[in-house]
Amino acid sequence: MTRYDKQVAIVGAAETTELGVIPDMSQLQLHADAALNALADAGLKPSDIDGVATAGESPTTIAHYLGITPNWVDGTAVGGCSFMIHVRHAVAALLTGQCHTVLITHGESGKSGIGRGRGRGNATSLQGQFEAPFGVVGPPTMFTLPVLRYMKRYGLTHEQLAMVAVVQRQWAGMNPRASKREPITVEDVLSSRMIAYPFHLLECCLVTDGGGALILTTADRAGDFPQPPVYVWGTGESVETPMVSQMADLTSSRAFAVAGPRAMSDAGISHSDVDHLMIYDAFAHLPIYGLEDLGFCGRGEAGAFIEEGHTAPGGELPLNTNGGGLSYMHSGMYGMYALQESVRQLRGTAPAQVEGAEVSVCLGVGGMFGASGCVVMGSQPKA
Amino acid sequence: MSGSRPLPEPTPETQHFWDGTRAGELRLQRCDDCAHVYFPPRPFCPACASRSVSVFAASGRARLDSYVINHRPHPAFEGHYAIALVELEEGPRMMSNIVSCEQTPEALVLDMPLEVTFEPQNDSITLPLFRPAAEGSKT
Ligand SMILES: [Zn+2]
């Protein structure tokens, strides 16, 4: 079974040429723009790709549009962490020889809405029957629902929640591609427009256009590409519920707590091995839940941990170093951008580079705490 | 209400729930084998997979588990309104709205006792909403 001892590497990674507001591209073309940039990054052509994974569009559409004839596809679509899960599935496919070179694409016209179907809610679904009638208006009124319970149980303050956005803006300030770069204070956050109490505008993710793509192959080929390879050390995935109202515990994500530790144990790492961390931040409470569900902080301790600067520039656990969904960009399914930042950090090419970053953990969420995927990556092959 | 809410379309598995709200009952299901009480409706127990389950009328008593107060417009609501998670006395949690109560953080206190009230939307759909429990009622 020596084939299974092989490893997988990310050998191509790129985002769309532009990020932010891209009114002259359809959602499909955002996928393609990112894919073409990733192919160029890896020195490959579409005909070199034999595996396609995507979410938001069908792999059929992506393969046809790019002129790829795949013999492996994955259309897992469980929200913004789908791309972490695609990485996990691609590892299994590559190590069992089902295909040799996988392209994972994301594109989303989240701001401009170009070439994007207007999905009407399904009134027969469980969410349609038991949540939609009560006035939910998208993620700001659903993803946010658990946090008052967290605040009461653990004493998290409004100021600590605001601090998540403040710290991520510090990272974004070092990133020329970040949508929001001017420094902000806790007072700025708390005086920004209320969106859904207790969440203010600056505690909610941006709404932007963009895309990203990754190319993966087996590690024995990783030296054949122009960029330094990034090795996939471990992965995890899980789902919990399509209804935020049915989370088992409003103060913890079960999907995080399954996917994250699984990825870290697969990678054979402990918390002290982690140089760099990405936690999908659709809203300011996500990094708090993620830090605790991953085990970097005890229950109820993550708000103070962030407030004390441990995840800020210069801190020992650099977190969301691109500025995150709160300040870098958020097209809707942000997971791809978190993966891109992990790759940049391990290549040593990030705008806010963490000195000597060798191990990165990238935790994604899908839906409203509905799903999670986690990828642990290293700048060297796993020992 | 200035406009209508997006209304549920019952399925065979949930029809009893929506028949119940129209009849003034909050109907839950209990497993005949392991006694687990659960929501949302389905014709089997999510704890033990038994297909032997019974529908019963819940007490309608609940406590406020968590909420947000939405400040963005919704055609069916006027002004800011709370979207609430309530934990029923029997255990399950459900989403709803809190009526007969100011929609402010000061008035909406976590763990406050609530009781169900039913608001007809049309001939077939009645929504279960919650209001602060009357004096003397226990949760
Ligand atoms: Zn049972």
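Considering only the range A:138-170, state which residues are open to solvent by 40 Å² or more (accessible area, probe 1.4 Å) and under 14 Å from A:Met243 (Cα atoms).
Hit for the range A:138-170 is A:Pro139, nothing else.
When the residues of the range A:139-162 are narrowed to those that are in contact (Cβ under 8 Å) with a residue 60 or more places away in the chain and β-branched (Val, Ile, Thr), which ends up farthest from the other protein chains (Cβ to nearest Cβ)?
First pass over the range A:139-162, keeping only residues in contact (Cβ under 8 Å) with a residue 60 or more places away in the chain: A:139-140, A:142-147, A:149-150, A:153-157, A:159-162.
With β-branched (Val, Ile, Thr) added as a condition, the list becomes A:144, A:147, A:157.
Working: A:Thr144: 5, A:Val147: 7, A:Thr157: 14 Å.
Here the residue is A:Thr157.
All but one of (1) surrounded by fewer than 16 Cβ atoms within 10 Å (Cβ to Cβ); (2) at pLDDT 95 or above; (3) not assigned by TED's automatic domain parsing to the domain that holds A:His310 hold for A:Phe130; state the number of the condition that does not hold.
Against the list (1) surrounded by fewer than 16 Cβ atoms within 10 Å (Cβ to Cβ); (2) at pLDDT 95 or above; (3) not assigned by TED's automatic domain parsing to the domain that holds A:His310, A:Phe130 comes up short only on (1).
Do we find that A:Arg116 is more than 23 Å from the chain's Cα centre (by Cα) and in contact (Cβ under 8 Å) with a residue 24 or more places away in the chain in this structure?
On the way: more than 23 Å from the chain's Cα centre (by Cα): no; in contact (Cβ under 8 Å) with a residue 24 or more places away in the chain: yes.
Considered against the rule, which asks whether it is more than 23 Å from the chain's Cα centre (by Cα) and in contact (Cβ under 8 Å) with a residue 24 or more places away in the chain, A:Arg116 comes out as no.
Quick check, is B:Ala49 of a type in the set (A, V, I, L, M) and under 30 Å from A:Phe199 (Cα atoms)?
No: the conditions fail for B:Ala49.
Select from the range B:81-100 the residues that are closer than 26 Å to B:Arg30 by Cβ, open to solvent by 10 Å² or more (accessible area, probe 1.4 Å) and either more than 10 Å from every other protein chain (Cβ to nearest Cβ) or modelled with pLDDT under 95 (or both) and list them in ascending order.
Residues satisfying the conditions are B:Glu89, B:Glu90, B:Gly91.
Search the range A:216-265 for residues being open to solvent by 60 Å² or more (accessible area, probe 1.4 Å) and assigned to a helix (DSSP H, G or I), and hand back the single one that is farthest from A:Ser342 (Cα to Cα).
Here the residue is A:Arg254.
List every residue pair whose Cβ atoms lie under 6 Å apart, where the two residues are 6 or more positions apart in sequence or sit on different chains, the first residue falls within the range B:11-32 and is more than 20 Å from B:Val86 (Cα to Cα), and the second residue, located anywhere, is within 16 Å of the ligand (Cβ to nearest atom) and in a loop (DSSP other than H, G, I, E, B).
Matching pairs, first to second residue: B:Glu13/B:Pro41; B:Glu13/B:Arg42; B:Glu13/B:Pro43; B:Cys31/B:Cys45; B:Cys31/B:Ser50; B:Asp32/B:Ser52.
Is it the case, given these coordinates, that B:Arg63 is out of contact with any Cys (no Cβ under 8 Å at 6 or more places or on another chain), of a type outside the set (Val, Ile, Thr) and in contact (Cβ under 8 Å) with a residue 60 or more places away in the chain? Working first, answer last.
On the way: out of contact with any Cys (no Cβ under 8 Å at 6 or more places or on another chain): yes; of a type outside the set (Val, Ile, Thr): yes; in contact (Cβ under 8 Å) with a residue 60 or more places away in the chain: yes.
So B:Arg63 fits the description; yes.
Might you check whether a residue that is away from the ligand (no atom under 16 Å from the Cβ), touching a residue at least 40 places away in the same chain (Cβ under 8 Å) and of a type in the set (D, E, K, R) occurs anywhere in the range B:94-107? Steps first, please.
At the first step, the residues of the range B:94-107 found to be away from the ligand (no atom under 16 Å from the Cβ) are B:94-107.
Then keep just the ones that are touching a residue at least 40 places away in the same chain (Cβ under 8 Å); that gives B:94.
In the following step, the residues that additionally are of a type in the set (D, E, K, R) were identified as none.
No; the residues of the range B:94-107 include none that is away from the ligand (no atom under 16 Å from the Cβ), touching a residue at least 40 places away in the same chain (Cβ under 8 Å) and of a type in the set (D, E, K, R).
Which of the residues belonging to the range A:362-381 are assigned to a strand (DSSP E or B), over 20 Å from A:Ser327 (Cα atoms) and not polar (S, T, N, Q)? First the steps, then the outcome.
From the range A:362-381, those assigned to a strand (DSSP E or B) are A:362-366, A:371-378; that's our starting set.
Narrowing further to those that are over 20 Å from A:Ser327 (Cα atoms): A:371-378.
Once the filter is applied, which keeps residues that are assigned to a strand (DSSP E or B), over 20 Å from A:Ser327 (Cα atoms) and not polar (S, T, N, Q), the range A:362-381 yields A:Ala371, A:Gly373, A:Cys374, A:Val375, A:Val376, A:Met377, A:Gly378.
Hey, does the range A:68-80 have a residue that's under 22 Å from A:Leu346 (Cα atoms) and either open to solvent by 10 Å² or more (accessible area, probe 1.4 Å) or among the aromatic types (Phe, Trp, Tyr) (or both)?
no
Quick check, is A:Ile85 in contact with an Asp or Glu (Cβ under 8 Å, 6 or more places away or on another chain), open to solvent by less than 30 Å² (accessible area, probe 1.4 Å) and under 22 Å from A:Asn37 (Cα atoms)?
On the way: in contact with an Asp or Glu (Cβ under 8 Å, 6 or more places away or on another chain): yes; open to solvent by less than 30 Å² (accessible area, probe 1.4 Å): yes; under 22 Å from A:Asn37 (Cα atoms): yes.
Answer is yes for this residue.
Can you work out which of the residues in the range B:2-21 that are within 19 Å of the chain's Cα centre (by Cα) and farther than 19 Å from A:Asn122 by Cα is nearest to the ligand (Cβ to nearest atom)?
Residue satisfying both the conditions and the ranking: B:His16.
Restricting the range B:33-70 to residues that are more than 8 Å from the ligand (Cβ to nearest atom) and within 14 Å of B:Thr14 (Cβ to Cβ), which is nearest to the other protein chains (Cβ to nearest Cβ)?
B:Pro40
Enumerate the strands (runs of 3 or more DSSP E) found wholly within the range B:48-139, keeping only those where 2 or more residues are at positive phi and of a type in the set (Asp, Glu). Before you say what the answer is, go through the steps one by one.
Working: elements: B:53-57, B:61-70, B:81-88, B:93-96, B:113-120, B:126-132.
Qualifying strands (runs of 3 or more DSSP E): none found.
Can you find, within the range A:175-208, the residue that is surrounded by the fewest Cβ atoms within 10 Å (Cβ to Cβ) among those that are of a type in the set (D, E, K, R) and more than 24 Å from A:Val136 (Cβ to Cβ)? Full working, then the answer.
Quick first cut of the range A:175-208, residues of a type in the set (D, E, K, R) only: A:177, A:180-182, A:187-188, A:193, A:203.
Applying the additional criterion that residues be more than 24 Å from A:Val136 (Cβ to Cβ) yields A:177, A:180-182, A:187-188.
Working: A:Arg177: 16, A:Lys180: 18, A:Arg181: 16, A:Glu182: 9, A:Glu187: 11, A:Asp188: 16.
Taking the candidates together, the pick is A:Glu182.
Yes/no per residue for (1) of a type in the set (A, V, I, L, M); (2) assigned by TED's automatic domain parsing to the domain that holds A:Leu156; (3) in contact with a helix residue (DSSP H, G or I) (Cβ under 8 Å, 6 or more places away or on another chain); (4) not in a helix (DSSP H, G or I):
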{"site": "A:Gly314", "(1), (2), (3), (4)": "no, yes, no, yes"}
{"site": "A:Met336", "(1), (2), (3), (4)": "yes, yes, yes, no"}
{"site": "A:Glu341", "(1), (2), (3), (4)": "no, yes, no, no"}
{"site": "A:Gln345", "(1), (2), (3), (4)": "no, yes, no, no"}
{"site": "A:Ala383", "(1), (2), (3), (4)": "yes, no, no, yes"}
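Need the failing condition index for B:Gly24 against (1) near the ligand (Cβ under 10 Å from one of its atoms); (2) open to solvent by 40 Å² or more (accessible area, probe 1.4 Å); (3) over 21 Å from A:Ser245 (Cα atoms), just the number.
That leaves (1) as the condition not met.
Just give me the residues in the range B:1-20 being away from chain A (no Cβ under 11 Å) and at pLDDT 95 or above, in sequence order.
B:His16, B:Asp19, B:Gly20
The values are calculated or read from the model by the stated rules, or taken from the named source; none is laboratory data. The structure presented is a predicted model; accordingly, all values stated were derived computationally and were not measured. In this analysis, Cβ positions are derived from the backbone assuming ideal geometry, glycine residues included, and neighbour counts consider all displayed protein chains. Keep in mind that these areas ignore ligands, DNA and RNA; they rest on the heavy atoms of the full protein, side chains included. Shrake-Rupley method; radii C 1.70, N 1.55, O 1.52, S 1.80 Å.
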